[in-house]
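To keep things clear, I will list the structure first and then write my remarks on it.
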Amino acid sequence: MELRSTAGGYIWEDSIQRSWDVVQEDAGGSLAGVVAELVQAGKRKRLHYDTTPLQRGIIRHLILVLDLSMSMSEKDLRPTRYQLSISYAIQFVTDYFEQNPISQLGIIGMRDGLANLVSQLGGNPTEHIGALQALRKQEPSGDPSLQNALEMARGALYHVPSHGTKEVVIIFGSLLSCDPGDIHKTVGTLKAEHVRVRIVGLAAEVAICKEICRRTNQGDSTSTYGVILNEQHFRELLLASCTPPASTKQKSSASLGSDLMRMGFPSRIVETSPSFCACHSRLIKGGYICPRCKVKVCSLPTECPACGLTLILSTHLARSYHHLMPLRNWDEVDWNDAKKVSSCFSCLLPFPTAPSSVPRFRVSVSGSTTNVTATAASAIATGGASGRFRCPSCRQLFCIDCDLFAHEVMHNCPGCEAAAGGRKLSNGQAATEVSMATTNAYLS
Amino acid sequence: MNAVDGSSHVPQVGFASELEQELPSLLVLILDTSPLGWGTQSPPISLHEAVASLLIFINSHLALNHSNEAAVIASHTNCIKYLYPVPGEDYSILAPKSTVTSGTESSEEMIPNGQSNGDNGTPNDASMYRQFRVVNESVMKQLELLLSGTSTSDIEHNGKISDTTLISGALSTSLAYINRLVGGVNDNGPKLRARILVVSVCSDLASQYVPIMNCIFAAQKMKVPIDICKIGNNTVFLQQAADTTGGVYMHLEHPRGMIQYLMTAFLPDRALRKHLVLPTQSSIDFRAACFCHKRIVDIGYVCNICLSIYCQPPADGSCAICDTIFDPKELADLLKKPVVVTTTVPKTKTKKKKKKDSDATPNFTPGP
């Protein structure tokens, strides 16, 4: 049998990419340039997001299911799978509420073949984080039961109104599930109730997990079921669930799931003497007054404990706008266009000057996302290094750090904002209008 | 999160390590240079006076710590411009000669020592702290360039003269600048503590709502307080910006005393602020304006797809922004009003009691 491949190694080694093969010394025998390019390539890989304005389910109801079984005591993730999962879960809770302020979250644990409620479906991040911290002191034990956990999640999401999304995210470290009945039936009911399940596997791909994700996400299991490669990948897979999911065609066309919600915008009061709040019965100074029943609550967003009106601030709504109006991807600029501008528009970082002859090494980037545009893909492949990125609408040039910052944190283009009428639709309403029109066009 | 959106009024300062107090700080000053905004102030304060005060303020900021840094960005009607530092200039080597061009009133007033009459060693010039001079000269020169390059067509929007400036652009730019200086790779965490001071005269920012909100949330994430020094009418968005990020909002009632406001309220940096009693805003308008009639509402209706706010359920049953057709059943539920049953209704139910009831006072009972 011929086991030798063309490269000289064994055939099964062909698919392995060795990072040390990619790196080559430059003319002076130094690695600095190559390392810098690798760092750049890593950043660039993260740059390209899906910027199609999609209709998204902004009001989310998500159940996070944690595997607390024996398999989580494995030490392949540092310090253990168990501790790392809890750390990432805490981070997930923080990020989730930062990006989805008017959404709800609940946590369920799988242990000893049972599903345990860790924290109730609710909108207060500190409660969830407290519950997760308490889990740290416990030890993982027994086998997990996917069916029990899914049934419990289904029960918790049962009352969710039709305008909210129902989602389950499972961190699954085991390779088995210890179920009392037929899990396929459970999956069927989940599908009927429009519950979407995402799974992050810590060990290896499990057929039933793939099946669950495929059936509850209209046949799409590639983007919803992922098995981690390392700690960093684990974090990425888990935090990907923070972005609100795109509404599915089936749901929006049926005009189900779209309706108006009555909400109260309370006014803040400042008091000289403390009084009790209606939500926690604590003595506090100041708070918010429900516009309907005039009861005092201490924190927002919440539901009025007296009349049940959803109380939010307009700033909470504004937090979700960037999901609806994503910033466009910026294009990489090649050396021919790059020479005119010497520093970044926003942070004044001097750009690298064009070398007379460009010594260039190919830096291959594996696992680039599916949303990469053709130009971006070619830019990545060539490892183009003018270090300049251009916003397609305002034509200003930016450095890579500003690119990352603008897309990941700020969601604004400094160039477009700094030009009068550059982003002609800087009016929130008009911009929404356009993005929504595109959305409708996209969906129909 | 509650602290974020104004639930707790006093900004929470949770990083009280001794080490951090030693950190130098970066001040990014955003100066609103809208000509109309400055021209229509009452009581009047001219841009010259304001800039004079601001330069003293920046100098005192730089004087507090040797490694303190400053940046000045002008937010103009049609562009934004770095007044200091200027891209492409190297500040490590100070030019021996002053670069300020003589001629305009402003520069003569502000920096008398900046006049280089072929004699680069006037006593004032030599005695001035180098860093101060660099900043002052750069700001004055760039401001002059900016204002002399502004024509009337620049301040017109749709044929109408407006005092709008690009605060959102200036905020975005300054955050990116802060991101580079503070977030720069360093083993020992951040090497600078940054804050933003906005000196604003314009009143209407409604068209920049979403970008300004994005900036506010980014600033909050980066723990950068946005201080607002407001001349003229109050602006709701800037109030929210200061409140959300834990900055100081100050409305100048006597703009001519600007220097005093600046020195007392805005000079202390983040580490010092928790020991001071700073001016706070007692009431901020957090209510929302509806998209349909621009009315301020306290109970509104929100489209769950695009989060647009209505003061009443739309008549045609679909969202005006995203064209989503709402579920008619749910809509009917929202429109339902409490039913007040008058005496005429119960008579069909209980015919026997009719005579008794008609004599009695009208019987108001809640409907089913």
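The values are calculated or read from the model by the stated rules, or taken from the named source; none is laboratory data. Worth saying up front: this structure is predicted, and the values here are computed from it rather than measured. Glycine gets a Cβ as well: all are built from the backbone with ideal geometry, and neighbour counts include every protein chain shown.
Got at least one residue in region A:147-164 being assigned to a helix (DSSP H, G or I), among the charged types (D, E, K, R) and without any contact (Cβ under 8 Å) to a residue 60 or more places away in the chain?
yes
Given the structure, is residue B:7 at pLDDT 80 or above, more than 18 Å from the chain's Cα centre (by Cα), hydroxyl-bearing (Ser, Thr, Tyr) and surrounded by 18 or more Cβ atoms within 10 Å (Cβ to Cβ)?
It is false that residue B:7 is at pLDDT 80 or above, more than 18 Å from the chain's Cα centre (by Cα), hydroxyl-bearing (Ser, Thr, Tyr) and surrounded by 18 or more Cβ atoms within 10 Å (Cβ to Cβ).
The rows are residues; the columns are (1) closer than 18 Å to residue B:59 by Cβ; (2) in a loop (DSSP other than H, G, I, E, B).
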site	(1), (2)
B:242	no, no
B:247	no, yes
B:253	no, yes
B:259	yes, no
B:262	yes, no
B:265	yes, no
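Please identify the pairs in which a residue from region A:380-392 that is charged (D, E, K, R) and modelled with pLDDT of 75 or more has its Cβ atom under 9 Å from the Cβ atom of a residue that is crowded, with 23+ Cβ neighbours inside 10 Å and part of a loop (DSSP other than H, G, I, E, B), counting only partners at least 6 apart or on another chain.
A:388/A:344; A:388/A:399; A:390/A:330
Checking the conditions here, which among B:238, B:307, B:278 is out of contact with any helix residue (DSSP H, G or I) (no Cβ under 6 Å at 6 or more places or on another chain) and part of a loop (DSSP other than H, G, I, E, B)?
Criteria check complete, one pass: B:278.
Please count how many residues of region A:105-137 are in contact (Cβ under 8 Å) with a residue 12 or more places away in the chain, closer than 22 Å to residue A:158 by Cα and either assigned to a strand (DSSP E or B) or out of contact with any Phe, Trp or Tyr (no Cβ under 9 Å at 6 or more places or on another chain) (or both).
The total comes to 15.
Before we move on, is residue A:102 within 22 Å of the chain's Cα centre (by Cα), outside any loop (DSSP other than H, G, I, E, B) and among the aliphatic types (A, V, I, L, M)?
When the stated conditions are applied, residue A:102 does not pass them.
Step by step: first the residues of region B:294-322, then only those that are among the small types (Gly, Ala, Ser) and at the interface with chain A (Cβ under 7 Å from one of its Cβ atoms), then the one that is farthest from residue B:336 (Cα to Cα). Which residue is that?
Applying the filter and picking the extreme gives B:308.
Of all residues in region A:81-100, count the ones that are in contact (Cβ under 8 Å) with a residue 40 or more places away in the chain and either not assigned by TED's automatic domain parsing to the domain that holds residue A:126 or not hydrophobic (A, V, I, L, M, F, W, C) (or both).
Total meeting the criteria: 11.
Quick one: residue B:2 ticks every box in (1) at pLDDT 50 or above; (2) within 13 Å of chain A (Cβ to nearest Cβ); (3) under 26 Å from the mean Cα position of the chain (by Cα) bar one, so which box is it?
Of the numbered conditions (1) at pLDDT 50 or above; (2) within 13 Å of chain A (Cβ to nearest Cβ); (3) under 26 Å from the mean Cα position of the chain (by Cα), the odd one out for residue B:2 is (1).
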